1. Do the conditions hold for residue 148, that is, is it outside the structural domain of residue 73 (by TED's automatic domain parsing), surrounded by fewer than 24 Cβ atoms within 10 Å (Cβ to Cβ), within 29 Å of residue 62 (Cβ to Cβ) and in contact with a Leu (Cβ under 9 Å, 6 or more places away or on another chain)?
2. In the stretch 147-162, what residues are out of contact with any His (no Cβ under 6 Å at 6 or more places or on another chain) and either small (Gly, Ala, Ser) or touching a residue at least 12 places away in the same chain (Cβ under 8 Å) (or both)?
Amino acid sequence: MKKTRDTPTDDEFAAVCGQVWDVLIPARADYLASVSPHYDEVFHDVVQRTEHAGSLGKTDIAALVVWKRLSAQTPWVSALMSLPDAHVRAVTQRAVTAARDTAVPRSEAARTGRGIMWELPGFRTGDALASAALTAAAPTRMAVYDRRVQHALNTLGLTLTHTPGHYGRYLQLLDDLLRHSPPPADGWTARHIDTALYWTAKTPTHDH
């Protein structure tokens, strides 16, 4: 895998990887024990609709806003709702295709999909909503990112800067973690890691 300045060398990563997994594995177990099994029903509905349609519409995005507990009292919501649903789907269809493209590394697919989602209001700053949409498009491949995940990465000593290409580097970092996963994490996906990171940083002011 090509290294970036956010991605440590194998030796550097191995030095902290064991400690990171020692945190993530119990955090994931605690997350599953603490969060209602029904909470993700809305997300799973969006996943199923996206699988069927090959795109996300305004209704799907609105559902993700609720699922992520984001504010709808923002100008971008009005701008997005003012667009024809066909236009929104035309954009998200390209993003869905990019996220599912297994001919390229996961990090490249994430970066391309994120760049496409930038075309829509609400997706031009931050990665929380965009990552939710891309994860709905490719739930076994992509992962959700938000401020709480970033806080956990910082706490664990995993570097992820906010320079351009941020979401792609996030997925590359998760790939590196999966490459060094111990047996208790066999079968984990990037999405499993993001929920563990989220739960690691249990801060009431940041939602997931």
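The values are calculated or read from the model by the stated rules, or taken from the named source; none is laboratory data. What you see is a predicted model; the values in this text were computed from it and never measured. Heads up, the Cβs are rebuilt from the backbone with ideal geometry, glycines too, and the neighbour counts pull from every protein chain shown.
1. Numbers: outside the structural domain of residue 73 (by TED's automatic domain parsing): yes; surrounded by fewer than 24 Cβ atoms within 10 Å (Cβ to Cβ): yes; within 29 Å of residue 62 (Cβ to Cβ): yes; in contact with a Leu (Cβ under 9 Å, 6 or more places away or on another chain): yes.
Judged against the criteria, residue 148 is a match.
2. Step one: of the stretch 147-162, the residues out of contact with any His (no Cβ under 6 Å at 6 or more places or on another chain) are 149-162.
Hits for the stretch 147-162 are 149, 151, 152, 153, 155, 156, 157, 158, 159, 160, 161.
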